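The values are calculated or read from the model by the stated rules, or taken from the named source; none is laboratory data. Keep in mind that this is a model prediction, so the values were computed, not measured. Please note: Cβ atoms are built from the backbone with ideal geometry, for glycine as well, and neighbour counts cover all protein chains shown. The accessibility values were calculated without ligands, DNA or RNA, using every heavy atom of the protein model including side chains. Shrake-Rupley method; radii C 1.70, N 1.55, O 1.52, S 1.80 Å.
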Amino acid sequence: LLGSSTIDNVNFDILGNEYIILKSNYNNVGSSISSLSILNCVNIQRIQLENTSSHTHPSCTISLDNNPNLNLFEFENHRLINLTILNGLPLVTILRVRFNDLTSTALDNIIIALDNNGLSNGELRYDAQTSGASPNIGVSGTAYNDLILKNWVITGNVPI
């Protein structure tokens, strides 16, 4: 996938056990993902990026909308600057967005979306943002504390 890409209403597996695993080895030459939208993929359960490059990727954005069976999202070390979550993440219990460039607003939105799931015993990892961003206590502080009470393991700056 290069540039701006959309995966919309796709079924990959007749059994419904669908994963999207992207492998990246950006060599600092040419194009990379600039935006990725994954929409209406009702059987998708996992979305992962495996990045083996030591080069700095160009910034990118991701939009997730209506992926009701998604339970794991991992997109690390890829200069992700925004993750737009529409229609929630009703089954996500593992979300890893470490080593990116997310803003405080993006982190707030992630925390709130996960809290709105109502699920317990999850894992949220957003540490090592190159921007040094922290969630805003006035926006996502209550949701952050609710996740802690629901036994979520959270790795990243606490809301300030």
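Some observations on this one:
- Between segment 130-160 and segment 50-70, the alpha-carbon center distance in angstrom: 21 Å
- Proximal charge balance of Phe99 [Cβ under 14 Å; K/R count +1, D/E count -1]: -1
- Dipole of the chain, positive end: most advanced residue of Ile111, Gly156, Ile44 [Cβ charges, Cα centre]: Gly156
- Protection proxy ranking, peptides 63-72, 128-137, average beta carbon neighbours within 10 Å, highest first: 63-72, 128-137
- Summing charges over all other residues whose Cβ lies under 15 Å from the Cβ of Asn40, with Lys and Arg as +1 and Asp and Glu as -1, gives -3.
- Across the protein chains, with a 1.4 Å probe defining accessible surface, the residues Val153, Val97 rank Val153, Val97 from largest area downward.
- Rolling a 1.4 angstrom probe over the protein heavy atoms with all chains in place gives the chain an accessible area of 48 Å² per residue.
- Structure remark: mean-square fluctuation, Gaussian network model of the chain, C-alpha springs under 10 Å; the largest value among Gly122, Gly138, Gly30 belongs to Gly30.
- Accessible surface of segment 1-79 [probe 1.4 Å, protein heavy atoms]: carbon and sulfur percent: 44 percent
- Taking all protein chains as shown and a probe of 1.4 angstrom, Tyr19 keeps an accessible surface of around 110 Å².
- Answer label, with semi-axes √(5λ) of the Cα gyration tensor in Å calculated from the coordinates and candidates (i) 32, 21, 15; (ii) 37, 17, 14; (iii) 24, 21, 12: (iii)
- Fully extended contour minus Cα-Cα distance, from Asn17 to Asp65, at 0.36 nm per residue: 15.4 nm
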